[in-house]
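Enquirer: One structure follows; several queries about it will come next.
The values are calculated or read from the model by the stated rules, or taken from the named source; none is laboratory data. Since we're looking at a predicted model, the values are computed, not measured. So basically every Cβ, Gly included, is an ideal-geometry build from the backbone, and we count neighbours across all protein chains shown. Ligands, DNA and RNA are excluded from the accessible area calculation, which covers all protein heavy atoms including side chains. Shrake-Rupley method; radii C 1.70, N 1.55, O 1.52, S 1.80 Å.
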Amino acid sequence: MRKNKLTIVFWAVLFALASCTTTKKIGSNYPVSLKTAFKNQFLVGAAVNAQQIEQKDTAANRLISTHFNAVTPENIMKAEWIHPAWGTYNFTLADKLVAYANTNGLKINAHTLIWHSQLPAFMRGMHNPDSVRMYFEGHINTVASRYDGKVYSWDVVNEALNEDGTMRKSIFLQNLGEDYVVEAFRLAQQAAPHTKLYYNDYNIEQPLKRAGAIALIKKIQAAGVRIDGVGIQGHWSINHLPLKEIGQSIQAFAALGIEVMFTELDLTVLPNPEDLAGADVNQNTAYNERLNPYKNGLPDSVQTKLATAYADLFTLLLKYKGKVSRVTFWGVNDGQSWLNNWPARGRVNYPLLFDRAYNPKPAYYQVLKASKK
Ligand code: XIL
């Protein structure tokens, strides 16, 4: 009993000391949090998982309310979770997310209505246009109308494009034809008149795919349908951060009169398998030791490279005042990141600003420093 008490006292003292050093480090030289640092520029968000939404993870909870003013559900609003069987919806976690966001002053970007990945089992491999249309209309109407006024925005369509800018031959394209993206936005606009509507994709900062995205957005606009913004996912690597293309894309998308966002930001520090050119969740590579070089810790040189890459990126984003409306990290801390398991399972990656113990990394301080320039 006595020993237990002593242990509690020991941890309490240690925790207090640790918080002091964190506050001191941030102290007067730095803004106190990410959301304050960028309050005049853009929202700062994080993808949250089920554990975090249910507030089972107190450290994450604290970090989220301190640093972020926007959240995106990492999985729980995807069709496979929210629409598990034909005509059957499960809103339990999404409703909890709405409550959680309300108490913590977080804007929800709901993710995502129409996507070829993480579809419910009953839709996978479906070849019947009539059934696909019923699913498509029913899903958008039901889910988007339920959360209208409760979420801030929707990624209405996710990843409709190929790398060369042509339309991906997804289940939706094959069964509904090329206009399905316009139709998805039209249905979302009817079902969710108070919600911002976005198109979201990876690699659309790259010229060919960017041109495809611009054509798609223009097509939606030409049809008289509302689209409020575009999300560049931002799954990049510290070895190839496409700064030039990012700058060009902000300008090109903003010229369409819509918001530009970075919606799933993370910077992998690990070697990429050679065949990898994007962020397709269906890609998977066999694990091997060469692909997992930092399983016992991140060398200082790589830590610095990550910090510099983040600083460069934020410095660039700050040049486009009024054009970038949100930057969302794909996860709260390194331990949560999907990049520990994609494209190869069981690796140890370090792509975010907070480490596995929820401590700010050098990259965090560099980002704050960039905000002051
Ligand atoms: C990822 C999640 O982070 C993982 O937990 C899940 O297993 C697969 O999907 N692009 C997207 C996101 O739009 O929804 C993906 O999220 C990452 C790539």
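Enquirer: Work out, step by step, the length gained on full extension between LEU243 and ASN296: first 0.36 nm times the residue separation, then minus their alpha carbon distance; give nm to one decimal. Spell out each step's value before the answer.
Expert: Values: separation 53, 0.36 × 53 = 19.08 nm, distance 3.03 nm.
So the chain would gain 16.1 nm between LEU243 and ASN296.
Enquirer: If you don't mind, another one. Would you pull out the residues with amide H under 5 Å of LEU43's amide H, same chain only if 5 or more places away, H placed 1.01 Å from N?
Expert: ARG326, VAL327
Enquirer: Next question. Report, by chain and number, residues whose modeled amide H sits under 5 Å from the one on THR112, excluding near sequence neighbours (fewer than 5 apart, same chain).
Expert: Under 5 Å from the amide H of THR112: LYS78, ALA79.
Enquirer: Over the range 292-358, what per residue volume does the convex hull of the Cα atoms give, in whole Å³?
Expert: On the way: hull volume 6.7 nm³, N = 67.
Taking only Cα atoms, the range 292-358 has a hull volume of 100 Å³ per residue.
Enquirer: Also: Restricting to the chain, what percent of DSSP beta bridges are antiparallel, rounded to 5?
Expert: Values: 4 of 40 bridges.
Among the beta bridges of the chain, antiparallel pairing accounts for roughly 10 percent.
Enquirer: What accessible area per residue comes out for the chain, rounded to a whole number of Å², with a 1.4 Å probe? Write out the running numbers ahead of the final one.
Expert: Numbers: 16440 Å² over 373 residues.
In whole numbers, the chain has 44 Å² accessible per residue.
Enquirer: Assuming a viscosity of 0.692 mPa s and a temperature of 37 °C, what translational diffusion coefficient in µm² per second does Stokes-Einstein assign to the chain, Rh being the Kirkwood radius over Cα pairs?
Expert: Answer, rounded: 153 µm²/s.
Enquirer: Moving on to the next point. Using a Förster distance of 51 angstrom, determine the FRET efficiency expected from the C-beta separation of LYS372 and MET134, and round it to 0.05.
Expert: Numbers: r = 53 Å, r/R0 = 1.04.
Step by step, r from the Cβ atoms, then E = 0.45.
Enquirer: Tally up the carbon and sulfur contribution to the accessible surface of the chain as a whole percent, 1.4 Å probe, everything protein left in place. All intermediate terms of the calculation are to be shown ahead of the outcome.
Expert: Values: 8810 of 16440 Å².
C and S atoms contribute 54 percent here.
Enquirer: So what's the back-of-envelope 222 nm ellipticity for the chain, counting only DSSP H runs of four-plus at -39500 (n - 2.57) apiece and dividing by all residues, rounded to 500? Walk me through the intermediate numbers first.
Expert: On the way: 13 runs with 153 residues, N = 373.
Theoretical 222 nm ellipticity from helices: -12500 deg cm²/dmol.
Enquirer: Which distance in Å, rounded to a whole number, links the C-alpha centroids of the range 193-235 and the range 67-89?
Expert: The range 193-235 and the range 67-89 have Cα centres spaced 21 Å from each other.
Enquirer: If R0 is 22 Å, what FRET efficiency do you get for ALA222 and ALA255 from their C-beta distance, rounded to 0.05? Please list the in-between numbers first.
Expert: Numbers: r = 15 Å, r/R0 = 0.70.
The formula returns an efficiency of 0.90 here.
Enquirer: Follow-up. Semi-axes of the equivalent ellipsoid of the range 145-253: what are they in whole Å, largest first, if each equals the square root of 5 times a C-alpha gyration tensor eigenvalue? Present the calculation step by step, with values, prior to reporting the outcome.
Expert: Details: eigenvalues 117, 57, 31 Å².
Semi-axis lengths for the range 145-253 are 24, 17, 12 Å.
Enquirer: What are the semi-axes of the equivalent ellipsoid for the range 196-302, taken as the square roots of 5 times the Cα gyration tensor eigenvalues, largest first, in whole Å?
Expert: On the way: eigenvalues 211, 41, 26 Å².
Each semi-axis is the square root of five times an eigenvalue, giving 32, 14, 11 Å.
Enquirer: For SER237, which sequence-distant residues (separation of 5 or more, or a different chain) have an amide H within less than 5 Å of its own amide H, given hydrogens modelled in the peptide plane?
Expert: The answer is THR268.
Enquirer: Additional query: Can you give the charge dipole size of the chain about its Cα centre, rounded to the nearest 20 debye, using +1 on the beta carbon of Lys and Arg and -1 on the beta carbon of Asp and Glu?
Expert: Working: 40 positive and 30 negative charges, 329 e Å.
It comes to approximately 1580 debye.
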